[in-house]
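Working notes, beginning with the structure itself.
The values are calculated or read from the model by the stated rules, or taken from the named source; none is laboratory data. Because the structure is predicted, anything quoted here is derived from the model rather than measured. Positions of Cβ are generated from backbone atoms using ideal geometry, with glycine treated the same way; all protein chains shown enter the neighbour counts. Note: accessible area is taken over every heavy atom of the protein model, side chains too, but ligands, DNA and RNA are not part of it. Shrake-Rupley method; radii C 1.70, N 1.55, O 1.52, S 1.80 Å.
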Amino acid sequence: MNSGREVSDGRLTVEGFSVAARAFADKWKIHNQSFPPWSWVPLINRTLHLSNQQEEGYLSLEEILILSSLEESPEDESLNVATDCLEKEESVDHTILNQENEAHYYDFHIVYSSSYKVPVLYFRGYCSGGQPLSLDVIKKDLPSCSVSLLHESKWTFITQEEHPYLNRPWFKLHPCGTEDWIKLLSQSSISTGCQMPVDLYLVSWFSVVGQVVGLRIPLEMLN
């Protein structure tokens, strides 16, 4: 890695993740105002090794509405969560409804992996009574294109393990291929005469990863 302000090898330092996470949250808030903002959850007791006053932590987006019972647009199979939620189900804000109209809630966390040196998307689904959803139920709430992708791609498969900070079982999109495809994006940037700035790392990453769970980002965030 270089100074942490640009990305060339597909990986981030923990300091770079902090910078990229805050930039991502700021862009999301500006360009995705119909959605709740991502919140930075600091881990105060783990910050002694960080420089430039950057604290360790993760991003959190919780109780998000995705309407899996809606017909998907033939032009775009990924769910436009913000638009669908606000226009079609204002009365059940921040819930997920399956085809039986049972309320499902979903929480998403973006966590830094010190092993892979890339961000990882953790998520969980649960009923209104707090009962956790199984992976089979979760798959029914995902866009159909995501389910196909999970079966076909070696880079985006779901595993379940203990959340690194909450000590409870969460699902995650496995990060084993993240470094490789981010590196490809970085090399594409280099070919145009510049390296990917670290500020855009999470934006570029989430533009791919978010679609797997039905979360899209506005194109303006990529600028």
Can you sort E56, E63, E15 by 1.4 Å-probe accessible area, starting with the largest? E63, E15, E56
The range 16-42 scanned against label point 7 Å out from E55 along Cα→C-beta; backbone N under 14 Å for 18-19, 22, 39-42
Ignoring ligands, DNA and RNA, how do Y116, Y106 rank by accessible area with a 1.4 Å probe, largest first? Y116, Y106
